[in-house]
């Protein structure tokens, strides 16, 4: 059974810092991996999607990498801002494309 | 562009009452549809997914059921709510593997 783990569970940084969020998964037979952002009481916003054949994706200040063989992904946030404060969720899609399994998230707080 | 509508945004229901949450998707055809629940302090739990009309798969046995009467409509139901059904319910859709989520329904069973 696929399990997704995110470390750390919470992170507090001052504005301007670069930071890395980690995600690991137990079954490397995935279709893709997706990073989401969730603001309190809200739905999920898709940030980056990495197909299983890709190594990384970039969007603005965000860069996500994928090492499928070792079951790891990282989300790199450059020059963090208070508006980046949210919970970041990692999810893997099984090869059948039918189940998106989530980690419990990393709650990020960026202070000004 | 594709959009997903989920309602209501909040709901307070007594124990033993029925439940119906609805989700509709616009701007796409034959999406995969999902219902998730997010309980306080816990991760997102996949409840049901559907790859087509009338095709429902349940991931976790519980007090809930799902139906897909139309291609872009997904309904989550219960005949009798339990206190443990409280949580944040999210509908999602995917086409070509990227998933998109609705804004969620906060259900409180009292």
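No value in this document is a laboratory result; all are computed from the given coordinates. Small disclaimer: the values here were computed from a predicted structure and weren't measured. FYI the Cβ positions are ideal-geometry reconstructions off the backbone, even for glycines, and counts take in every protein chain you see.
Side notes on the structure shown:
- If R0 equals 30 Å, the separation of the Cβ atoms of residue B:71 and residue A:51 corresponds to a calculated FRET efficiency of about 0.70.
- Taking the centroid of alpha carbons for each part, region A:68-88 and region B:59-110 are 27 Å apart.
- The mean sequence separation of alpha-carbon pairs under 8 Å and at least six residues apart, normalised by the residue count of chain B, gives a relative contact order of 36 percent.
- Efficiency of FRET between residue B:51 and residue A:22 - r from beta-carbon atoms, R0 25 angstrom, step 0.05: 0.20
- Panel order for A:84, A:39, by other beta carbons found within 10 Å of each beta carbon, from fewest to most: A:39, A:84.
- Simple spin-label estimate for residue A:94 and residue B:60 in nanometres, 7 Å along Cα-Cβ: 1.5
- In this calculation the C-beta distance from residue A:76 to residue B:3 is compared with R0 = 35 Å, giving a FRET efficiency of 0.70.
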